[in-house]
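The values are calculated or read from the model by the stated rules, or taken from the named source; none is laboratory data. This structure is a prediction, so every number in the text was calculated from the model and none was measured. Quick reminder, even Gly has a Cβ in these numbers, built from the backbone with ideal geometry, and neighbours come from all protein chains shown. Only protein heavy atoms, including side chains, enter the accessible area calculation; ligands, DNA and RNA are left aside. Shrake-Rupley method; radii C 1.70, N 1.55, O 1.52, S 1.80 Å.
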Protein chains: 2
Amino acid sequence: MANIDYWHEVAQQLRVDSIRSTTAAASGHPTSSMSGADLMAVLMSAYLRYDFANPKAPNNDHLIFSKGHAAPLLYAMYKAAGAISDAEMLTLRQFGSRIEGHPVPVLPYVDVATGSLGQGLPIGVGVALAGKYLDKLPYHVWVVLGDSEMAEGSIWEAFELAGHYQLDHLVGILDMNRLGQRGETMLGWNGDAYAARARAFGWHAIEIDGHDLGAINDAYAKAEQNTGAPTLIVAKTVKGKGFAEVENQPGWHGKPFPADMAQRAIAGLGGERNLIVQVQKPDDRQPAPRPDAQPFKAPTYEPGTSVATRTAYGDGLKALGAARPEVVALDGEVSNSTYAEYFAKAYPERFFEQYIAEQQLVGSAVGLQVRGYVPFASTFAAFFSRAYDFIRMAAISRANLKLSGSHAGVSIGEDGPSQMALEDLAMMRAVHGSVVLYPSDPNQTARLLNEMATHRGIAYIRTTREKTPVLYGADETFSIGGSRVVRQSDGDKVTVVGAGITLHEALKAYDQLKGEGIAIRVIDAYSVKPIDTATLHAAAQATGGRIVVVEDHWVEGGLGDAVLAAFAGDEARAASGPLPTVTKLGVHEMPGSGKPDELLDAAGISARHIVAAVKALL
Amino acid sequence: MANIDYWHEVAQQLRVDSIRSTTAAASGHPTSSMSGADLMAVLMSAYLRYDFANPKAPNNDHLIFSKGHAAPLLYAMYKAAGAISDAEMLTLRQFGSRIEGHPVPVLPYVDVATGSLGQGLPIGVGVALAGKYLDKLPYHVWVVLGDSEMAEGSIWEAFELAGHYQLDHLVGILDMNRLGQRGETMLGWNGDAYAARARAFGWHAIEIDGHDLGAINDAYAKAEQNTGAPTLIVAKTVKGKGFAEVENQPGWHGKPFPADMAQRAIAGLGGERNLIVQVQKPDDRQPAPRPDAQPFKAPTYEPGTSVATRTAYGDGLKALGAARPEVVALDGEVSNSTYAEYFAKAYPERFFEQYIAEQQLVGSAVGLQVRGYVPFASTFAAFFSRAYDFIRMAAISRANLKLSGSHAGVSIGEDGPSQMALEDLAMMRAVHGSVVLYPSDPNQTARLLNEMATHRGIAYIRTTREKTPVLYGADETFSIGGSRVVRQSDGDKVTVVGAGITLHEALKAYDQLKGEGIAIRVIDAYSVKPIDTATLHAAAQATGGRIVVVEDHWVEGGLGDAVLAAFAGDEARAASGPLPTVTKLGVHEMPGSGKPDELLDAAGISARHIVAAVKALL
C-alpha cells in the first residue's frame, strides 16, 4: 500500500505539471497526458531502469512516446526524475526551448522525434532488435501508444515484425482513453479488440484498468517475465482523468485549460508537488563486443566491363560489413534485386529482413541507429515513397540513416511505371540535411558507400537496374558534394550534366557531337545534394552559359532543379548573376513497359535528344 | 462434376497463357500467376458478374489484382473472357502495348494500377464504400492478394476500415503460395495466422486448398452469402502449380521459362486452349439517384477581416457539396483541424471518416473515383507524406483525386516540426500531371476548390493554419495555372514571388520598402504547378531581371524551384529574353516550437528577410 500511495502522489504530480506547462504555453495536450499519468507513475517508480546522468549508458531502458502529443507528461516525468528543472519544464513550446510541442532528441533523454502518429512503435522495434540481437543486453523498450494511432498501418507492421523477431523486451503500453482528436476512435473502449489483434500478431496481451495502480504494477511485472514475445498492455483510461470537468468529454483534445480552470484542476489534484522519484539505474553492462574496425577495401571493377550500380551496392555493402562492425543492413524482401543479399549472406547476424513493410524498414533502421549502429536500408527506390513520413521524421530525429533505392527511372524497362522511381530525387532532396547520391559507375558506387557510412546524417543512394560501362578506375576517389568532369576541352560549346544512366547517354551524345565537330563538356553530377556548385559555375562560364541537364526522373524536383538552384542566390549566398541558359531534359509523360532503350528514347532523355538539345542551344 | 472439369480446363488455359505471354516477353511472373489460376478459373466461370462489352456498367463487379505482378494471369482471364485477343495478350511488356508488366487502366477492364504491393485492397475498400453507401448496388469487389503483401501496413488499414464499415460485398482472395521474391514469406503456409488476423479485424475468414476447385466454389458461395462483414478466403496454393519442375521451388519469382521449359510445361498442362468463358453479366441496375447539380455558390469573406485558408477549405467544400452531388469527402481523423467537418456535418452520407490511416485515406479516395465520385481527401499536409506511394500510384491509375493538406510550414507555430509540412510542395510537384495550389486568401481558396472539382486529375491544395487578411474580393476569379500581380507600378525594381503565408510577408515588405522609396512588384503564385510562366517572365523583364522567391517550405523542390524552372527550357527562353537573377528564400534549418511570427523570422522568410534580399539584389 505504501507503494500505491506513493505512486498516486507521483501520478498526481505528473497531472498537475502537465496542466501547468500547457496552461503556461497556452497550447498543448493536457488531457492526453492526464490519461496516461498513472501508467507512467508506476513505470518510472518501479520498472524503468535509466541513468538520467548518463543518457547514453548502453544498458539504459528506452522510453518512447509514440503518442508524441502527450509530451507534457513526458516532460513532467523528466522533472520528476530530476533531469530537468521545473522552470525549464515551464518553457514548453516557447521559441528556443528544448521542451518542444512534441518530443525531439534535442533533449538527451529523447531517443527519437515523435508526433507523427504510429512511428514510435516501429522505431521501438528497431531498438529492441538492437537489444536482443546485437547489443545482447537486457534493457527494455517501453513504448507509450495512443489509441488513435492504432489505426496506422505502420503500427501493424511493427506488431508483425516484433512478433516475428520475438522481441520479448518490447512492451507496448496502450493508453486507451477512447477519444481521438475529433471524437471517438474506431474502437472506443473495446480493449478486447486490441488484445485480440495483438495476439493474432504474435504478442502477449494484458487488459487492465489504466488507473488501477495495483493492476498496472501487476501488468508490468508480467510483461517483464514474458519470454518469446512482446507484450501489449491494453490500459483502459479516461481522457482528462483527475479533473471531473473534462473527464471523458469530447472537445478537449489539444486544448490547454484557461488559468481559472487550471487552478481548479490543480487544487482538485492536491496542488503542486515537487517529488523527486529515484529512478532505478540499469546494471552496468556493456554491449556484446564487436570485432575491430578494418580499413575499407572497396570491390573493384575493370574498365571495359559493364556492371550495374545496384550490384556494386551489394558488393560495397559487404565490403563495408567487413570494415565496419557497426554497419548493419535491412531490406524489404527484395534483397536479391537490391543485392543487399551479398551482405546478408556474409553477415547474417547483422542483417534484418523486414519483408514488404517499408515503413517498418525505415523505422527499424532509425531504431538501430539509436543504439549507435549504422543502418543501410534498401528497397526499390520507388517504394521508399511508402516510408516518406518516416524519412521526414528521421530528419527531425537527427538520425544517422542510410537508404539505398534501386531500380531508378524508366530505364528499368519491362516492369512498367509502378516499379520505376521517378520522384525519389525530389522526395529525398526535400529532407532536411539529406545527402542524395546517384552514381554512374560501380567503382564510384562502392567508394560513395564508404562516404555515406562515414557521414553522419541521412544519406540516400540511387542505383540503376541495368548494367552500365565502367567509367572510373578503382583507385579514384569521390566525395559527398563532389562531381566529375568526364569530358572537357578548351572549345566546349555546351555543358551537359547527367548522373546515373543518363551520364552514359550524355557520353554517347558527346561521341556523336564530336563527330560533327561540336565539343561538349560532360559532368557527372553524382552528388545531387549537395550539388557541386563551383564546378557547375566554372563549366557554365567556360561553355557560354549553355547547359543541358538530363535525368531519368520527372522534370520536377530532381537533378534539373538542383542544377538551376546552384545558380540562384539564397540566404547564405548571393547569386553570381543571371541564370545560365538551361535546358532540362527529364520524364514528362507517363511511361509504360518496354525495353530500357526504347523507354529512355520515348522519355526524351536518350543520346539523340541530348544531341538535339545541345544543337538547339547553339 | 461437369463444372469441376470445365473449371479445370479453364485453369489450365490460364496457366498455359501465363506461361506463353511471359516466355514471349522474356520477362514477367509466370509462377505467381500459376498459383492463382484455379481461384480465378472458378471466379470468372461462376461468380464474377461483369459485362466486358460495357466496362463502365454501374453494376459490374470489380476485380482488382492487388498482387499486380500476377498480371499475366489477369490478361489470360481477359483473353478467356473474349475481351482481348490472344495476339494482344502476347504483346505483354512490349513497348506501346496496353498489356503492361503490371496492370494499368489503359485497359478499360482495369480499375486502377497495381504493382506497388498492398494497394489493391485499400482501393477495393473505396470501391466497396461506393457500392454500399453511395451507389447502393449489389456488385462485389474481388481483390486478389499475394501473401508477401500481407506484410504491408496498408493492408491492415484496409482490413480495419472494411471491418468498421461492414463491407460485406468485399472479398479478399489470398493466394498463399508461401514464396515471396527472395524466399519464404513471414508466415509461409500458416493460413491459421492470416485467418486469425482477419477475424481480429472484423472479417469472416475461410481457409481452403486453393487448388481444390470444389472447395474454391464453396468458399465463393459462402462469401457471397456473408452479411455484415467482408470475407477473406485464405487459399493455400503452390507457386508454379501445374509444372513440377518449378512447383514450390525458390528462385522462380519473376522469371519466365526459357522456350524449352515453356514447351514442356505447356505440354504437361494439356497444351494450348482457346476456351471462351461466358462471364455472367450483372443485373442491369442503376446507382441510387443523385440530386441535380446546382451552380457553385462560393462562401464569401469581407476584406478587412482575417480568415485562415483552412477555414475557407471547409466552407468551400461544403459549398461544393451543395453544388455537386458527385463530390464526396474523406478525412484522417483531423476534420476539426482541416475543417472537412463542415462538409461532414452538412452531408454525412457523403463523408467517410478514415481515422489515422492516411494510406487508406488516399486508397479509399482512389476507389471512390473509380465509381465516378469526386473525392476530396484531407489531413495535415505533413501527413500526406505517409501516403506518397499511394499518390504516386494514383497518377499511374489516371485517378481523379483531390487532396487538401492543412497546417503548412513553420507558420503553424507551437506544435513543432513533426506537424509542419515543409516538403509537400516538392512531393506533390513530382507527381505526374498534378496540379499544386497554395492560396493566400479565403475567397481565392473557395474559388480554387471549384476549379479543382472541375479539373480531371490529381489536384492538391495546401492551406494555412493561421488566420491571414482577406486580400481579394469575393467576385474575383482564379484559375489553375494562374497567378495574381498584387502590387505593381512602373518603377518596380524587384519582383517578389510568394504564396500562402509568405505572400503576406511580401506585402509587409512592400510597405516597408515603399517607405524607403523602393518599389517592388509582388506576385501571388497561388498555382505552384502549373506555374504562370508568362506573368513571371513579364515581371522579370519589368524589374530588371531581379526576382526574390519566398516560401514556407524547405528550399528544395518547392515554389523557388518552380519559379526557376519557369526560366529553363526552350519555350521559356523564347518568351523571356535575358534570364533573371533569382534569390530563393525558404526554410534551411530545422525549426522548433515557437510563435508563428518567431518561426517565420527565424526561418529567414519574414518581411525583414525579404527586405534584405531585395536590397541585396539592388
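Cβ-Cβ contacts under 7 Å between residues 6 or more apart (or on different chains), taken from a first residue in region A:486-510 that is of a type in the set (S, T, Y) to a second residue that is in a helix (DSSP H, G or I), are listed as A:T495/A:A539; A:T495/A:A540.
There is no residue in region A:143-165 that is within 10 Å of chain B (Cβ to nearest Cβ), aliphatic (A, V, I, L, M) and farther than 22 Å from A:R386 by Cα. Please determine whether any residue of region A:133-149 is over 22 Å from A:P58 (Cβ atoms) and assigned to a loop (DSSP other than H, G, I, E, B). Scanning region A:133-149 turns up at least one residue that is over 22 Å from A:P58 (Cβ atoms) and assigned to a loop (DSSP other than H, G, I, E, B).
Consider region B:147-159 and keep the residues that are out of contact with any Ser or Thr (no Cβ under 7 Å at 6 or more places or on another chain) and either among the basic types (K, R) or more than 18 Å from B:A223 (Cα to Cα) (or both). The one that is surrounded by the most Cβ atoms within 10 Å (Cβ to Cβ) is B:S154.
Quick one: which of B:V10, B:V16, B:V42 is open to solvent by less than 10 Å² (accessible area, probe 1.4 Å), away from every other protein chain (no Cβ under 14 Å), assigned to a helix (DSSP H, G or I) and under 20 Å from B:D147 (Cβ atoms)? Before you say what the answer is, go through the steps one by one.
Numbers: B:V10 fails: under 20 Å from B:D147 (Cβ atoms); B:V16 fails: under 20 Å from B:D147 (Cβ atoms).
Step by step, each of B:V10, B:V16, B:V42 is checked, and only B:V42 is open to solvent by less than 10 Å² (accessible area, probe 1.4 Å), away from every other protein chain (no Cβ under 14 Å), assigned to a helix (DSSP H, G or I) and under 20 Å from B:D147 (Cβ atoms).
Considering the conditions (1) hydrophobic (A, V, I, L, M, F, W, C); (2) under 30 Å from B:V470 (Cβ atoms); (3) open to solvent by 20 Å² or more (accessible area, probe 1.4 Å), B:A288 is excluded by exactly one of them, (2). Do the conditions hold for B:G558, that is, is it touching a Pro at 6+ places or on another chain (Cβ under 9 Å) and not β-branched (V, I, T)? Spelling it out, it is not the case that B:G558 is touching a Pro at 6+ places or on another chain (Cβ under 9 Å) and not β-branched (V, I, T). So, A:R310, is that one open to solvent by less than 40 Å² (accessible area, probe 1.4 Å) and over 26 Å from A:L134 (Cα atoms) or not? Yes; evaluated as a whole, the condition is true for this residue.
The single condition from (1) crowded, with 24+ Cβ neighbours inside 10 Å; (2) touching a Gly at 6+ places or on another chain (Cβ under 8 Å) that A:G240 fails is (2).
Residue check: is B:K281 closer than 30 Å to B:R199 by Cα and open to solvent by 50 Å² or more (accessible area, probe 1.4 Å)? Against the criterion (closer than 30 Å to B:R199 by Cα and open to solvent by 50 Å² or more (accessible area, probe 1.4 Å)), B:K281 does not qualify. As for region A:326-334, it holds at least one residue that is among the charged types (D, E, K, R) and open to solvent by less than 30 Å² (accessible area, probe 1.4 Å). If you take the residues of region B:129-139 that are touching a strand residue (DSSP E or B) at 6+ places or on another chain (Cβ under 8 Å) and open to solvent by less than 10 Å² (accessible area, probe 1.4 Å), which of them is farthest from B:L179 (Cα to Cα)? Once the filter is applied, the top-ranked residue is B:G131. In the set (1) surrounded by 24 or more Cβ atoms within 10 Å (Cβ to Cβ); (2) closer than 24 Å to A:V555 by Cα; (3) in contact (Cβ under 8 Å) with a residue 60 or more places away in the chain, the condition left unmet by B:G367 is number (2). The number of residues in region B:197-220 being free of Cβ contacts under 8 Å to residues at least 40 places away in the same chain, farther than 19 Å from B:L170 by Cβ and not acidic (D, E) comes to 1. Scanning region B:295-306 for residues that are open to solvent by 60 Å² or more (accessible area, probe 1.4 Å) and either among the aliphatic types (A, V, I, L, M) or at pLDDT below 95 (or both) returns B:P303, B:G304.
Residues of region B:250-301 that are in contact (Cβ under 8 Å) with a residue 12 or more places away in the chain and acidic (D, E): B:E272, B:D283, B:D284, B:D292. Only residues that are open to solvent by less than 10 Å² (accessible area, probe 1.4 Å) and in contact (Cβ under 8 Å) with a residue 60 or more places away in the chain were counted in region A:583-592, giving 1. Of the residues making up region B:212-232, one or more are within 23 Å of B:M34 (Cα to Cα), under 32 Å from the mean Cα position of the chain (by Cα) and within 14 Å of chain A (Cβ to nearest Cβ).
One residue alone among B:A399, B:A395 is surrounded by fewer than 24 Cβ atoms within 10 Å (Cβ to Cβ), under 14 Å from the mean Cα position of the chain (by Cα) and touching a residue at least 24 places away in the same chain (Cβ under 8 Å), and that residue is B:A395. Scanning region A:160-191 for residues that are in contact (Cβ under 8 Å) with a residue 40 or more places away in the chain, over 25 Å from B:E149 (Cβ atoms) and either of a type in the set (A, V, I, L, M, F, W, C) or open to solvent by less than 20 Å² (accessible area, probe 1.4 Å) (or both) turns up A:V171, A:I173, A:L174, A:D175, A:M176, A:N177, A:L179, A:G180, A:G183, A:W189, A:G191.
Counting only strands (runs of 3 or more DSSP E) that fall entirely inside region A:398-485 and contain at least 3 residues that are of a type in the set (G, A, S), the qualifying elements are A:402-406. Considering only residues that are in contact with a Phe, Trp or Tyr (Cβ under 8 Å, 6 or more places away or on another chain) and small (G, A, S), look in region B:66-122 and name the one that is nearest to the other protein chains (Cβ to nearest Cβ). It comes out as B:S116.
Scoring B:G251 on the criteria (1) at pLDDT 95 or above; (2) part of a loop (DSSP other than H, G, I, E, B); (3) out of contact with any Asp or Glu (no Cβ under 6 Å at 6 or more places or on another chain) leaves a single failure, condition (1). Are there any pairs, at least 6 apart or on different chains, whose C-beta atoms fall under 8 Å, with the first in region B:593-612 and open to solvent by 60 Å² or more (accessible area, probe 1.4 Å) and the second among the aromatic types (F, W, Y), and if so, which? These pairs meet every condition: B:K595/A:F95; B:E598/A:F95; B:A602/A:F95. Could you tell me whether B:R487 is closer than 27 Å to A:E423 by Cα, of a type in the set (K, R) and surrounded by fewer than 23 Cβ atoms within 10 Å (Cβ to Cβ)? The answer is no for B:R487. Return a yes/no flag: does region B:270-277 have any residue that is farther than 30 Å from B:L90 by Cβ and away from chain A (no Cβ under 14 Å). For region B:270-277, residues farther than 30 Å from B:L90 by Cβ and away from chain A (no Cβ under 14 Å): absent. A:S27 fulfils the conditions (1) of a type in the set (S, T, Y); (2) surrounded by fewer than 19 Cβ atoms within 10 Å (Cβ to Cβ); (3) not in a loop (DSSP other than H, G, I, E, B) except for a single criterion, (3). Counting only strands (runs of 3 or more DSSP E) wholly contained in region A:493-605, the ones carrying 2 or more residues that are more than 14 Å from chain B (Cβ to nearest Cβ) occupy A:494-498, A:520-524.
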